[in-house]
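The values are calculated or read from the model by the stated rules, or taken from the named source; none is laboratory data. Keep in mind it's a predicted model, so treat the numbers as computed, not measured. For neighbour counting, all protein chains shown are included, and Cβ atoms are generated from backbone atoms with ideal geometry for every residue, glycine included.
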Amino acid sequence: MGLFSKIKNMFKDTKKEEDIEDVQENVATVEEQEDAKNKRSIETDAKSKNNRFVEKQVNSTVEEVVGDTKNVKIYEKGLTKSRQGFVSKLVNLTSKYSKITNEYFDELEEILIMADIGVNTVMGFIDRLKNRVRAESITDPSELKEIIVDELFIIYVNDEVLSNKINYNSNEPTVILFIGVNGVGKTTTIGKLANKLKDEGKKVLLVGADTFRAGAVNQLKEWSEKVGVSFYGKEESDPASVVYDGVLKAKEDNVDVVLVDTAGRLQNKVNLMKELEKMNKVIDGLIAGGASETLLVIDATTGQNGISQAKAFKEITNITGIILTKLDGTAKGGIVLAIKEEVGIPVKYIGLGETKDDLQVFDIEKYIYGLFKDMM
Ligand SMILES: Nc1nc2c(ncn2[C@@H]2O[C@H](COP(=O)(O)OP(=O)(O)OP(=O)(O)O)[C@@H](O)[C@H]2O)c(=O)[nH]1
Ligand SMILES: [Mg+2]
């Protein structure tokens, strides 16, 4: 069975329901067994503690399965445009050709490039596909559908495992810097991430160090109020001094995670580089090991332009992860694959809408499923 079939099976609704039923059955079995045991022996205090532990574990498994199903649905919904855009073109291509020809490959290449997958990535992909067609003597395009999806998946997972995990500090506040050009969604993403972290029980502080644009600091403050986390910011001051005061406050208040909003204008590369260096120096002075993450925010609707931004930012600072926003707003969801191949920095989160719940941890399997679920 191909990789995609496996992914598809993982996320089939019926499968999830079965999983939930399985877990619920397990709960029942555990309960029955415990009941029987209880009848046989006098319930000791220690045992009732153990029961509660088992019950808690099983319940949290139910929550995990239910939560995962909900996330898959968010991916499906957020990738609707891309599915209707380039994936439907792929489906049409397969029905258009009865045989795999050079024209078929030319059209396939064009569809993938139009989907923002990136020229180099697509060229390598087509070469591998041609080799497989030859080696496996495939002639029917419909046989190729699953192989196409598998090979796209391989682009992402090949060679190395890119970790999408955020590195958290255990003893001191974890500082995360957000950078990216105007309007890509930095402030909104911070609001959404703050909401997620708060739900996980973490104490969060938002620091408004985008002192460049009028109103920017206030926009972040509004997000802090919306999701109910603390805030520090000051307009018309030096960004690095705002970061200093903010991180100091985080230490005093025993904050777990500090999310720093910056003005990431690339128009002046040298200034931006100096500014980021200054901020990092300030953080290094207050937190052992400095900032845990520098996340670059990219707007998925800007396509190859976004890739160029990533390359430019990579030259001036150490980016630890990418957040790809507005994936719900593009019909060309292939950009995730291009980032992997052309920039080599892991996508850690994706934005699939404008509300506080529309940020998802990036998961290649859910992403591939959300894109191609109608194709098989
Ligand atoms: N559809 C959609 N819209 C988004 C998403 N993320 C952000 N936006 C919208 O993009 C616009 C710009 O977002 P901001 O968060 O202000 O962007 P920014 O990078 O902070 O912009 P500056 O502060 O001007 O540099 C807002 O209208 C957001 O609602 C997303 O994932 N999907
Ligand atoms: Mg902003």
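Couple of notes before you dig in:
- Scanning the range 348-364 for residues that are within 20 Å of Phe86 (Cα to Cα), among the β-branched types (Val, Ile, Thr) and in a strand (DSSP E or B) returns a single hit, Ile350.
- Residues satisfying the stated conditions in the range 254-276, i.e. loosely packed, with under 13 Cβ neighbours inside 10 Å and modelled with pLDDT of 95 or more: Asn254
- Here the condition is being away from ligand 2 (no atom under 16 Å from the Cβ) and buried (at least 18 other Cβ atoms within 10 Å of the Cβ); of Gly351, Gly333, Gly329, it holds for Gly333 alone.
- Enumeration of residues in the range 163-196 that are away from ligand 2 (no atom under 16 Å from the Cβ) and within 15 Å of Glu293 (Cα to Cα): Ser163, Asn164, Lys165, Ile166, Asn167, Tyr168, Asn169, Ser170, Glu172, Pro173, Thr174, Val175
- Taking each residue of the range 189-204 that is closer than 11 Å to Val258 by Cβ and looking for partners that are assigned to a helix (DSSP H, G or I) and of a type in the set (Gly, Ala, Ser) with beta-carbon atoms closer than 8 Å, six or more apart or interchain, yields Ala194/Ser224; Val204/Ala194.
Each row is one residue, and each column tells you yes or no for (1) β-branched (Val, Ile, Thr); (2) over 25 Å from Glu365 (Cα atoms).
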residue	(1), (2)
Ile155	yes, no
Lys165	no, no
Leu177	no, yes
Val181	yes, yes
Ala194	no, no
Arg213	no, yes
Val217	yes, yes
Glu236	no, yes
Ser241	no, yes
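- Ala214 vs. criteria more than 27 Å from the chain's Cα centre (by Cα), assigned to a helix (DSSP H, G or I) and without any contact (Cβ under 8 Å) to a residue 60 or more places away in the chain: no
Yes or no, residue by residue, for (1) within 14 Å of ligand 1 (Cβ to nearest atom); (2) small (Gly, Ala, Ser); (3) farther than 30 Å from Leu90 by Cα; (4) buried (at least 21 other Cβ atoms within 10 Å of the Cβ):
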site: Thr139; (1), (2), (3), (4): no, no, no, no
site: Ala194; (1), (2), (3), (4): yes, yes, yes, yes
site: Asn218; (1), (2), (3), (4): yes, no, yes, no
site: Glu225; (1), (2), (3), (4): no, no, yes, no
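- Odd one out for Val343 among (1) surrounded by fewer than 20 Cβ atoms within 10 Å (Cβ to Cβ); (2) β-branched (Val, Ile, Thr); (3) without any contact (Cβ under 8 Å) to a residue 40 or more places away in the chain: (1)
- Taken as a whole, the structure leaves Val184 outside the set of residues that are surrounded by 20 or more Cβ atoms within 10 Å (Cβ to Cβ), modelled with pLDDT of 90 or more and either away from ligand 1 (no atom under 13 Å from the Cβ) or in a helix (DSSP H, G or I) (or both).
- Residues of the range 83-100 that are assigned to a helix (DSSP H, G or I) and either in contact with a His (Cβ under 8 Å, 6 or more places away or on another chain) or more than 25 Å from Ser308 (Cα to Cα) (or both): Gln84, Ser88, Lys89, Leu90, Val91, Asn92, Leu93, Thr94, Ser95, Lys96.
- Put simply, of Glu103, Glu109 the only residue that is more than 16 Å from ligand 1 (Cβ to nearest atom), part of a helix (DSSP H, G or I), out of contact with any Leu (no Cβ under 9 Å at 6 or more places or on another chain) and over 26 Å from Ile335 (Cβ atoms) is Glu103.
- Here Ala115 passes the criteria (1) exposed (fewer than 15 other Cβ atoms within 10 Å of the Cβ); (2) within 23 Å of the chain's Cα centre (by Cα) except the one numbered (1).
- Screening Ser224, Ser237 for residues that are at pLDDT below 90 and not basic (Lys, Arg) leaves exactly one candidate, Ser237.
- Test for Asn169: is it within 11 Å of ligand 1 (Cβ to nearest atom) and either outside any strand (DSSP E or B) or in contact (Cβ under 8 Å) with a residue 12 or more places away in the chain (or both): no
- Selection status of Ile345, assigned to a strand (DSSP E or B) and either of a type in the set (Ser, Thr, Tyr) or closer than 23 Å to Gly290 by Cβ (or both): no
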